[in-house]
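> First the structure, which I've put down as structure tokens, then a few questions once you've had a look.
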Amino acid sequence: AWYVPCLASLETLQELCRKENLTCKSIGITNRSLKSYEVEYLCDYKVEEGKGYYLVKWKGWPESSNTWEPQKHLNCPLLLQNFLRDKNEYLSRGREGKAFKVRNHVKALKPAIADYIVKKAKQRIALQRWKEELNRKKNHKAMILVENTVDLEGPPLDFYYINEYKPAPGINVLNGITTGCECADCPAEKCCPKEAGFILAYNKHKKLKIQPGLPIYECNSYCRCGPDCPNRIVQKGTPYSLCIFRTNNGRGWGVKTLQKIKTNSFVMEYVGEVITSEEAERRGQLYDNQGNTYLFDLDYDSDEFTVDAARYGNVSHFVNHSCDPNLQVFNVFIDNLDLRLPRIALFSTRTIKAGEELTFDYQMKGSIDLSSDSAEGLSPSKKRIRTVCKCGAVCCRGYLN
């Protein structure tokens, strides 16, 4: 047997069942719940004969089933609070002088306000579903939150959350490593970093102690050490709860930390689709025309491969550029020792306060020399449309690339 995934939401399927008077246990529509009513959101408000009524969208029912209900019938304080907040937010932006107008002796909200309230309610539901999806797919314990208090933008339509590299056909991101360290207590004389000719990257507090440009060699799946080994940091995923939020200065989505992050701490990996540099050149021209920048050259040893996080990625997809960033790029090797295919880890360059936006320099490479003249950065081509930088830093260079 084979199956085709359904692209409709659960509520849409429930609406179809109720409209056709059908039951389906797998989506929660039984004979008992077929006629059940739960408020999904509030659409409008009017005052008629001195009594206030709210227009209710019922969860799992089509909009044609919306009904006007007095407040005493509604047991949904949070939805009422959201309704009033959205109305006041619209009015505070100066779009309307007055909230109500009289029609046929009925005092009703102006259509533009009601339309805005409905759009905000639908956006809130869509962002909540997206947040739940992100947290189902992530492979770390920390939470991912989503927030938009700026505009009506909903979740990106063409973005798929992944936890690790997605190789394009013909690219192998695992080189079949079959050996690991024999340490009973890492780091020892023959631990993974020393076998590769480098020092251990972390101190006893599990904070980074090496300079930019030096690689990180972590213990791998064949090492004898356990999960509490001090040389297993990046592979455990981000330890911090993060929030994807809508910026208020035209930079689209951004990411802020919900917890304090100490200096030299691992924050997240940059993952995406691994493609050849030739394919990156082709895609880069398209992205530049759209004003997007998602290509990250894997140039630790050569310029053969690039990570493209435009469609496939994790939270790092939404991290914005800054010419004065609080994150630094490092190349990491764990279960793949191919120098052409390092994993990209982002570490804090200073203490980052809870609520502060996370940023990294799109021209930053995993090297000591980070000058704009020498760094080609995320874009494999030097002849590209230049994207204006909006980071606002004192030292802003003016362009992302």
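> Out of Leu208, Leu55, Leu134, any idea which swings most in a Gaussian network model of the chain, alpha carbons joined below 10 Å?
Maximum fluctuation in the GNM of the chain, among the listed residues, is at Leu55.
> Return a whole-number percent for the relative contact order of the range 142-360, with Cα pairs under 8 Å and 6 or more residues apart as the contact set.
Values: 466 pairs, mean separation 58.3, N = 219.
Over the range 142-360, the number comes to 27 percent.
> Please identify, among Ser302, Ser241, Ser64, the residue showing maximal mean-square fluctuation in a Gaussian network model of the chain using a 10 angstrom Cα cutoff.
Ser64
> Another one. Let me have the 222 nm mean residue ellipticity of the chain computed from DSSP H runs of 4+ only, each contributing -39500 (n - 2.57), with the sum over all residues rounded to the nearest 500. Please list the in-between numbers first.
Details: 5 runs with 71 residues, N = 401.
That calculation yields -5500 deg cm²/dmol at 222 nm.
> I'd like to check one number: the per residue accessible area of the range 142-360, probe 1.4 Å, reported in Å² as a whole number.
On the way: 9770 Å² over 219 residues.
With all protein chains present, the range 142-360 gives 45 Å² per residue.
> In sequence order, what are the phi-derived ³J(HN,Hα) couplings for the range 208-214 according to the Karplus relation 6.51 cos²θ - 1.76 cosθ + 1.60 with θ = phi - 60°, rounded to whole Hz, with x for glycine and proline?
For the range 208-214, the Karplus-derived couplings read 5, 10, 9, 7, x, x, 8 Hz, x marking Gly and Pro.
> Separate question: Just the C-alpha atoms of the chain: what Rg/Rh do they give, with Rh taken as the Kirkwood radius?
Numbers: Rg = 25.9 Å, Rh = 24.4 Å.
On the Cα set of the chain, Rg over Rh gives 1.06.
> Around Glu48, which amide H atoms from residues at least 5 apart in sequence, or from another chain, sit under 5 Å from its own amide H, with H modelled in the peptide plane?
For Glu48, the qualifying residues are Tyr53.
> Could I ask something else about it? Excluding residues fewer than 8 places away in the same chain, name every one of the lysines whose C-alpha is closer than 19 Å to that of Lys25.
The reachable lysines, counting only those whose Cα sits under 19 Å from Lys25, are Lys35, Lys59.
> Under a cut-off of 18 Å between alpha-carbon atoms, report the aspartates and glutamates in cross-link reach of Lys204, not counting same-chain residues fewer than 8 places apart.
Asp185, Glu189, Glu218, Asp228
> If you fit an axis through the alpha-carbon atoms of helix 77-92 and take the longest principal axis of the Cα set of the chain, what angle between them do you get, 0 to 90°, nearest 10?
90
> For the pair Leu91 and Asp324, how long in nm is the line joining their label points, each one 7 Å along Cα→Cβ?
My value for the distance between the label points is 4.0 nm.
> Now a separate question. What does the C-alpha gyration tensor say about the overall shape of the range 142-360? Classify as rounded when a/c is under 1.5, otherwise prolate if a/b is larger than b/c, or oblate.
Values: a/c = 2.11, a/b = 1.36, b/c = 1.55.
Taking the square roots of the gyration eigenvalues as a ≥ b ≥ c, the range 142-360 is oblate.
> In nm, give the distance between the simple-model label positions of Lys107 and Glu304, each being 7 Å from the Cα along the Cα-to-Cβ direction.
7.4
> Same structure again: Round to the nearest 0.05 the FRET efficiency obtained for Lys19 and Lys137 when R0 = 30 Å and r is the Cβ-Cβ distance. Mind dumping the intermediate values first?
Values: r = 31 Å, r/R0 = 1.05.
Calculated value: 0.45.
> If you count only protein heavy atoms and use a 1.4 Å probe, how large is the accessible surface of Glu48, to the nearest 10 Å²?
70
> Roughly how many percent of the accessible protein surface of the chain is carbon and sulfur, given a 1.4 Å probe and a whole-percent answer? Walk me through the numbers on the way to the answer.
On the way: 10820 of 21460 Å².
That share works out to 50 percent.
> In straight Cα distance, which aspartates and glutamates are under 13 Å from Lys120, not counting same-chain residues fewer than 8 positions off?
Hits, sequence-local ones excluded: Glu40, Asp44, Asp86, Glu89, Glu147, Asp151, Glu153.
> Separate question: Probe 1.4 Å, all protein chains in place: accessible area of Arg93 in Å², nearest 10?
That residue has around 100 Å² of solvent-accessible surface.
The values are calculated or read from the model by the stated rules, or taken from the named source; none is laboratory data. Quick caveat: nothing in here was measured; it's all calculated off a predicted structure. With ideal geometry, Cβ positions are generated from the backbone for all residues, glycine too; neighbour counts draw on all protein chains shown. Surface areas here come from the heavy atoms of the whole protein model, side chains and all, with no ligands, DNA or RNA. Shrake-Rupley method; radii C 1.70, N 1.55, O 1.52, S 1.80 Å.
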